[in-house]
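Q: Would you mind keeping the following structure in view while I ask a few things?
The values are calculated or read from the model by the stated rules, or taken from the named source; none is laboratory data. Keep in mind that this is a model prediction, so the values were computed, not measured. Positions of Cβ are backbone-derived with ideal geometry, glycine not excepted, and every protein chain shown enters the neighbour counts. For accessibility, only protein heavy atoms count, side chains too; no ligands or nucleic acids. Shrake-Rupley method; radii C 1.70, N 1.55, O 1.52, S 1.80 Å.
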Amino acid sequence: MKSVSMIFYLSSAAIALAGVALAEPVDLGTINVLANRSATEDAKVGSTVNTVSEKHIRMTAQPTVADYLAALPGVSVSSPGGVGQETTLIVRGADKKYVKTLFNGIDISDTTSPQVQPSIEHFLADGLSEIQVLKGSQGTLYGSDAVAGVIGMSTLGQPEDGIHAELGAEGGSFATFRSHAKVTAAGNGGKMALGVSGMNTKGISAAEEHAGNHERDAYKNIGLTFAGEQQMNDVLTLFGSALSITSTAAYDDSGNPPLDNPDNETRGTRQGARAGAKLNLFGGRVENITSAQVFNTDRDIHSVSLFGPYDGNFNGTRSRIDDQLSFTVNDALKLVAGADYEWQKATITDFAVASHDASNGGLWGEAIITPLAGLTLTASLRRDDHGQFGSHTTWRTTAAHQFGSGTRLHGSIGTGFRAPSLYELYDAWSGSPDLKPEKSFSWDVGLGHTLLDGRLTLDATLFGLDTDNLIDYSFVTFRYQQVPGTTRRHGLELSAAWEASDWLTLTAAYTWTHAKDASAVRRPRVPKHDLALSALITPAEKWTLAATARYVHDTVDVVAGNSVSLDDYVLLNARLAYQLTDAMEVHVRGENLLNQDYQVIKGYGTPDIAAYGGLTVRF
C-alpha cells in the first residue's frame, strides 16, 4: 500500500504543477464550499460554520491545529500530557469519531484506532491557509462518520501571482524547536502550495503531576504537504493533494496515577493523496467533480511494563472514489447529486495477526432553493449500503433567512448513523462482534446580526445531538458494548467578532454544553462552560500583538468507570512580533503565561509557563 500511496503522491503533484506560472487567481470572497459541497454565499448557509483565517494563524503562530480548534465555540480539546500525545477532540459534546476530518480534501481518519477517527495531535498548523469547522449532522453529504460535523484544513488558499516563499523557525521551552518552509505559485490558470514543517521537543512528563515522575516524553514530527489545481481549458480543471507525516512520541504508563516509563514509544507514518478532475459545462450551469483518494496509517507501538514487553504494528488503509454533479437550474434552484464508495482495512500484528475490512457505498442528492429574496433552503437525502450492516437512510435540511436589517436567522436539522469500527467489532481483548450501528438526530437554530457597517458580528446558536445505541467501553465487561437508551447533548454557542479599528480586532466565543448518557451520567472531558477571547493588535508601525485567553469551568473525567471532577483553569497565550524589514519578522511568544497548574485529563500533567522566540522570512 505504501507504493500505492507514493503513486498517488507523485501523480497529484504532476497534475497541479503542470503549467503553473503567472496568472490572476480567482477571489472567492465570502463563498463557502464546505457547508453544501457546492459554492454557496455565507449568508445563504443554514449550518453553523466557524473559520480560522490565514491572518489569524500567522499572527498567533500556535504550533498545532488542536490549539486553534480549542478556541472555537462548541469545540474542546484535551491531551494526556504534552504535545504529540493522543488527543481527545469534542464537537458539541461528541468526540472525534463523529467528526469527519479533511486535510486538503483527504480524509485523515485512522481505521486502526478503537474508533475510526483522526490523529489530530500530529497535524501542525504551520503553512495552513484556513481551518473550518462545519457543525451538525452532515452525513448526507460526507458519509456516516460526519454525525457531529466536518473539519476542513487547507494549505492552498488563494496565492498571489508568481512564486512566493516563507521560511520560519522557533525555539524555546522544553528544548523545543520547530521550523517550516512553504512555497506557493499562481499562474496560467493554476495554483499550488508545497510545504514542509517539523517539530522536535523533549516535552514534559505525562505523569509529572505525581511525586517522583520527571522523565520527559519527547516528541518528533516532520510533515510534507502539497495541494494544487490546473485549469487545462474552459471546461477541464485537474486538481490534486498529498501529505506525509512521520512522528515519534514517548508516552507514560496509563492509569490513575500514570507512571513514568522511559521505554514506551510509538512511531507512525501517515500518507495520503487525492486526485481528480472538474468539468465545467454549459457556461458553468453544470459542474461534475470526480476524485479518488487513499490514506494509510502505519503505527508501531513498543512498551515494557510489569506484564512484560509489548510490540505491535497497526496498519490501516482508507480508499475512496466519488463523483458529484451540480446543476444550476435557475437563480432559485440548484441540484446536487453524488455517489461514493469507500473501503476500510485494518491489520494488527502483535501476539497474532488479525486483518479485517469493511466497505460502504452511498448515493445522495441535495436541492438548494431560494424561493424568496433573502431566504435559502436546502434539503438532502442519502442512502448508504454497508457491507456488513445493510442499508441506512439519512436526511438533512437547513434554512437561512437574511433580513435587510443585517439580521440572519439560520438553522439545520438532520439524522445520522455510525457503524461500529473494525476495532470495536474484532479486537481480541475488547471487541464485540454483535454490535449494531448507532443512530442519531441533531438540530441547531441561531440568530446572527451585523452592526457598524459589518465590522461587528454577533451570533447565538442553540444545538442538540441525540444518539441511540451508543457504543462505549465498559469497565465491567472490559469490552465495547451498546449503551441502552439515548445519550443527549445540547447547549448554547455565543460568538462575537469586532473590527474595532484598523489596528484592533477582538473576538469572543462562549459555549455551554450539557452532555449525559441515558443514565444521566455526564460525558467525560466536555466542559460545561468554555470561554475563549482573543485580540489582534497593531499598536505601532511594524509591531503586532496577538493574545488569546481561555477559561474552562466544570469538567468531569472518568477513572475506572467513575466520574471525577477537574479543576477550573485560565490559559493566557500571547505573541509579540516586530517587522525588521519588508521580508523579515522576529517574534517572542508565551504560553500559559499565568503559570496555571491544571489538568484536562485526570492525573495527567500539562505544560507550565513557556517562552519561545523565532524568525520568519517571506519573499
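Q: Give me the net charge for the shell around ARG408: Cβ to Cβ below 12 angstrom, other residues only, Lys and Arg +1, Asp and Glu -1.
A: Numbers: positive: LYS44; negative: GLU41, ASP42, ASP459.
Around ARG408, the charge tally is -2.
Q: Modelling each spin label as a point 7 Å along the Cα-to-Cβ direction, I'd like the LEU333/LEU375 distance in nm, to one decimal.
A: Placing both labels 7 Å beyond Cα along the Cβ direction yields 1.7 nm.
Q: Obtain the nm distance between the two label points defined at THR581 and LYS542 by a simple spin-label model: each point lies 7 Å from its Cα along the Cα-to-C-beta direction.
A: Going from the THR581 label point to the LYS542 one covers 1.3 nm.
Q: May I ask you to order 548-557, 572-581 by the average number of other C-beta atoms within 10 Å around their residues, highest value first?
A: Details: 548-557: 19.5, 572-581: 16.1.
Averaged packing, sorted descending, gives the order 548-557, 572-581.
Q: Turning to a different aspect of this structure: Put +1 on the Cβ of each Lys and Arg and -1 on the Cβ of each Asp and Glu in the stretch 180-278; which of ALA275, HIS214, LEU243 then has its Cα farthest toward the positive end of the dipole?
A: Comparing the listed Cα positions along the dipole, ALA275 ranks first.
Q: Compute the accessible area per residue over the chain, keeping the other protein chains in place, probe 1.4 Å, unit Å². Numbers along the way, then the final one.
A: Numbers: 26050 Å² over 619 residues.
That works out to 42 Å² per residue.
Q: Whole-Hz Karplus ³J(HN,Hα) for the stretch 353-366, in order, using 6.51 cos²θ - 1.76 cosθ + 1.60 and θ = phi - 60°, x for Gly and Pro?
A: Computed from phi, the couplings for the stretch 353-366 are 10, 10, 10, 9, 9, 8, 9, 8, x, x, 10, 8, x, 9 Hz.
Q: Where Lys and Arg each count +1 and Asp and Glu each count -1, what net charge lies around PHE307 among other residues with Cβ under 14 Å from its Cβ? Provide the component values of the computation, followed by the final result.
A: Working: positive: none; negative: ASP253, ASP263, ASP311, ASP350.
Once all neighbours under 14 Å are counted, the net charge is -4.
Q: With an 8 Å cut-off on Cα pairs and a minimum separation of 6 or more residues, tell me the relative contact order of the chain in percent. Please report the intermediate quantities before stating the final value.
A: Working: 1859 pairs, mean separation 81.6, N = 619.
Result for the chain is 13 percent.
Q: Taking amide H positions as placed 1.01 Å from N in the peptide plane, with prolines and chain starts having none, which residues 5 or more places from ASN261, or on another chain, fall under 5 Å of its amide H?
A: ASP253
Q: Kindly list the residues of the stretch 439-466 that lie in the label zone of LEU409, defined by a backbone N under 17 Å from the point 7 Å along the Cα-to-C-beta vector.
A: 444-450, 459-463
Q: Taking the Cα-to-Cβ direction at ARG618 and at SER563 and moving 7 Å from each Cα, how far apart do the two end points lie in nm?
A: For the pair ARG618/SER563, the computed spacing is 4.7 nm.
Q: Report the relative contact order of the stretch 185-244, percent, no decimals, based on alpha-carbon pairs under 8 angstrom and at least 6 residues apart.
A: Numbers: 104 pairs, mean separation 20.2, N = 60.
For the stretch 185-244, the relative contact order is 34 percent.
Q: Would you calculate, for the chain, the mean residue ellipticity at 222 nm contributed by helices, counting each DSSP H stretch of 4 or more residues as -39,500 (n - 2.57) and dividing by all residues, to the nearest 500? Present the calculation step by step, with values, prior to reporting the outcome.
A: Values: 5 runs with 37 residues, N = 619.
My calculation for the chain gives -1500 deg cm²/dmol from helical runs alone.
Q: Considering only the other residues whose Cβ falls under 12 Å of the Cβ of LYS55, what net charge follows from Lys and Arg at +1 and Asp and Glu at -1? Write out the running numbers ahead of the final one.
A: Details: positive: ARG58; negative: GLU54, GLU130, GLU499.
Counting the neighbours of LYS55, the net charge comes to -2.
Q: So if I place +1 on the C-beta of Lys and Arg and -1 on the C-beta of Asp and Glu, and nothing else carries charge, what would the dipole magnitude of the stretch 147-208 be about its Cα centre? I want it in debye, nearest 20. Let's see the in-between values first.
A: Numbers: 4 positive and 5 negative charges, 29 e Å.
The calculation lands at about 140 debye.
Q: What lysines could a cross-link reach from LYS202, if we take a straight Cα to Cα line under 20 Å and drop same-chain neighbours fewer than 8 places away?
A: LYS220
Q: Still on this structure, I have one more. When Cα extents along the principal axes in Å is calculated directly from the model, which label among (i) 93, 75, 57; (ii) 69, 62, 50; (iii) 120, 62, 49 fits?
A: Matching entry in (i) 93, 75, 57; (ii) 69, 62, 50; (iii) 120, 62, 49: (ii).
Q: If I compute solvent accessible area with a 1.4 Å probe over the protein chains, what percent of it on the chain is carbon and sulfur? Please list the in-between numbers first.
A: Numbers: 15710 of 26050 Å².
Reported share for carbon and sulfur atoms: 60 percent.
Q: Turning to a different aspect of this structure: Quote the charge dipole size of the chain about the Cα centre in Debye, to the nearest 20; the model charges only the Cβ of Lys and Arg (+1) and of Asp and Glu (-1).
A: Details: 48 positive and 68 negative charges, 195 e Å.
So the magnitude is around 940 debye.
Q: May I ask you to evaluate 6.51 cos²θ - 1.76 cosθ + 1.60, the Karplus curve with θ = phi - 60°, for each residue of the stretch 269-286 and list the ³J(HN,Hα) values in order in whole Hz, giving x for glycine and proline?
A: Here the 3J(HN,Hα) series is 10, 10, 10, x, 7, 9, 9, x, 9, 10, 9, 10, 10, 6, x, x, 6, 10 Hz.
Q: May I pose another question? In terms of modelled amide H atoms, which long-range or inter-chain residues lie less than 5 Å from the amide H of GLU130?
A: SER154
Q: Taking 32 Å as the cut-off for C-alpha to C-alpha distance, list the pairs among LYS439/LYS528; LYS55/LYS528; LYS135/LYS542 that go past it.
A: Where the Cα-Cα span goes over 32 Å, the pairs concerned are LYS135/LYS542.
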